[in-house]
1. Identify, from the list Val130, Val37, the residue that is touching a Ser or Thr at 6+ places or on another chain (Cβ under 9 Å), open to solvent by 60 Å² or more (accessible area, probe 1.4 Å) and either over 14 Å from Gly170 (Cβ atoms) or charged (D, E, K, R) (or both).
2. List the helices (runs of 4 or more DSSP H) inside the range 72-159, counting only whole elements, that have at least 1 residues being over 30 Å from Leu45 (Cβ atoms) and among the charged types (D, E, K, R).
3. Output the number of residues of the range 80-97 satisfying the condition of being hydrophobic (A, V, I, L, M, F, W, C) and under 19 Å from Ile174 (Cβ atoms).
4. Please name all residue pairs, on different chains or six or more residues apart, with Cβ atoms under 8 Å, provided the first residue is in the range 162-182 and is free of Cβ contacts under 8 Å to residues at least 60 places away in the same chain and farther than 14 Å from Tyr81 by Cβ and the second residue is polar (S, T, N, Q) and open to solvent by 40 Å² or more (accessible area, probe 1.4 Å).
5. May I ask you to say which residue of Val227, Val267 is at pLDDT below 75 and either open to solvent by less than 80 Å² (accessible area, probe 1.4 Å) or among the hydrophobic types (A, V, I, L, M, F, W, C) (or both)?
6. Filter the range 155-182 down to residues that are open to solvent by 90 Å² or more (accessible area, probe 1.4 Å) and under 14 Å from Leu116 (Cβ atoms), then give me how many there are.
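The values are calculated or read from the model by the stated rules, or taken from the named source; none is laboratory data. Because the structure is a prediction, the values reported are computed rather than measured. Cβ sites come from the backbone with ideal geometry, for glycine too, and all protein chains shown count toward neighbours. Surface areas here come from the heavy atoms of the whole protein model, side chains and all, with no ligands, DNA or RNA. Shrake-Rupley method; radii C 1.70, N 1.55, O 1.52, S 1.80 Å.
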Amino acid sequence: MEEKLERFPKKPKTGKWIVLGVLVVVLLLLSNTCFVVTEQNEYKLIKQFGKIERVISEPGISFKVPFIQTVDKVPKEMLVYDLRPSDVITMDKKTMVCDSYVLWRISDPQVFVQTLNSKTYAEDRINTTVYNAMKNVISSMQQSEVISGRDGALSERIQTNIGNSMEQYGIELISVETKHLDLPSDNKSAVYERMISERNNIAAQYTAEGEAEATKIRTQTDNEITVSLSKAESEAERIIAEGEAEYMRILSGVYADESRSEFYTFVRSLDAAKQSLIGKNKTVILSEDSPMAQIFNSLQ
């Protein structure tokens, strides 16, 4: 009998292995529902019966109550929303097409989930808020101011107009930037022609003002030159008159001296003869009673 029993070995106890496997599966399921892994670029919101119990903002592993608490995630990084191109009217009643984008992020995830709870709803709210602010700002500016404000002044004025209105949704608007700011395609030609005409009118005005100023300067300069020449001529005549008077005084003094009067009379006679010998004819005809002939006769 014992030999027969040895031929049929005892069956292994597989039940304990099945139970062990079930326990492992249960532990794995519990671990997946207990642990919460938070990434660097996200918030994790722990909810219990639909109510937010806590917000996890730091990356790492956290715990939650399985089957009772649930997890939602909200983006933490900076987001970009591209606004649809829209028409805006400036203060001088000129239509412009503005194409902008917004840099934004979720600053308070709990408020964000309680008010909007969706990135799509958030972008719709951003679109409405930014467009209204842009329309208000541009409608208070001249077209030239809008164009020159693309270096950052326009963005600052738009953000100032928005203020802190997005904080009620847990959103922070980091920057509002303009990609494209242009005229509507249907009236570009007319606007360009009007701008060219205006620039030509401004150029003609500047040219006329410049010519008028140049004429004024030339007239003033000519008057100053005339006055200066008149003063110079008057001064020259005065100096010549004084020189001639001095000359006559010296000459009269010389002729007053009898010892020198004959010599100076002789010199003046030579000067007179020299002045008469001009040209090819070098012959001088004098009468015997002329003073010059008497001088030459006396030399003999």
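1. Val37
2. Here the list reads 119-139, 143-148.
3. Going through the range 80-97 one residue at a time, the tally reaches 2.
4. Within 8 Å, the pairs are Gln168/Thr115.
5. Of the residues listed, the single one that is at pLDDT below 75 and either open to solvent by less than 80 Å² (accessible area, probe 1.4 Å) or among the hydrophobic types (A, V, I, L, M, F, W, C) (or both) is Val267.
6. Residues flagged as open to solvent by 90 Å² or more (accessible area, probe 1.4 Å) and under 14 Å from Leu116 (Cβ atoms) within the range 155-182 amount to 2.
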